Amino acid sequence: MSFCVEEESDIGYLDMIMGSYFGEIEVIRSCPRLFSVKASVDSDFLMLTKQIFELYLVDDYPEIYEEMEKVAILRQEKISVAEKICIETIRET
């Protein structure tokens, strides 16, 4: 299973494999959605609301939640760096 993460276009930014997750930045940091997702192959997804995510994951599996928090921070930092590079590249052209 793989899919592409996109931002208002059909350009794939990232292919993910079975067992991957996305959307944790928005849920953990309570911010607006950063990307849209479009499956490139038939896929099954499990969608959790913020309420369910916090009710079960945070309370019952705090070690997994802590790891997801770390991943969310790293991903958000990478997104910020990529945005800066894009802006600099556009300014140079």
#### Entry: Among residues of segment 21-31, those that are more than 10 Å from the chain's Cα centre (by Cα) and either open to solvent by 100 Å² or more (accessible area, probe 1.4 Å) or hydroxyl-bearing (Ser, Thr, Tyr) (or both), counted
2
#### Entry: Residues of segment 40-72 that turn out to be part of a helix (DSSP H, G or I), of a type in the set (Val, Ile, Thr) and over 13 Å from residue 24 (Cβ atoms), as a count
1
### Task
May I ask you to list pairs of residues, at least six apart or on different chains, whose Cβ atoms are under 9 Å apart, with the first in segment 73-92 being over 25 Å from residue 24 (Cα atoms) and the second being hydrophobic (A, V, I, L, M, F, W, C) and loosely packed, with under 10 Cβ neighbours inside 10 Å?
none
### Residue that is nearest to residue 23 (Cα to Cα), among those in segment 47-82 that are of a type in the set (Asp, Glu) and under 18 Å from the mean Cα position of the chain (by Cα)
69
### Summary
For segment 25-44, pairs from a residue that is in contact (Cβ under 8 Å) with a residue 40 or more places away in the chain to a residue that is not in a helix (DSSP H, G or I), with Cβ under 7 Å and 6 or more apart or across chains, are 25/31; 25/34; 41/1; 41/2; 43/1; 43/3
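The values are calculated or read from the model by the stated rules, or taken from the named source; none is laboratory data. Here the structure is a predicted model, which is why all the values come from computation and not from measurement. Positions of Cβ are generated from backbone atoms using ideal geometry, with glycine treated the same way; all protein chains shown enter the neighbour counts. These area figures cover heavy atoms from the full protein model, side chains too; ligands, DNA and RNA do not enter into them. Shrake-Rupley method; radii C 1.70, N 1.55, O 1.52, S 1.80 Å.
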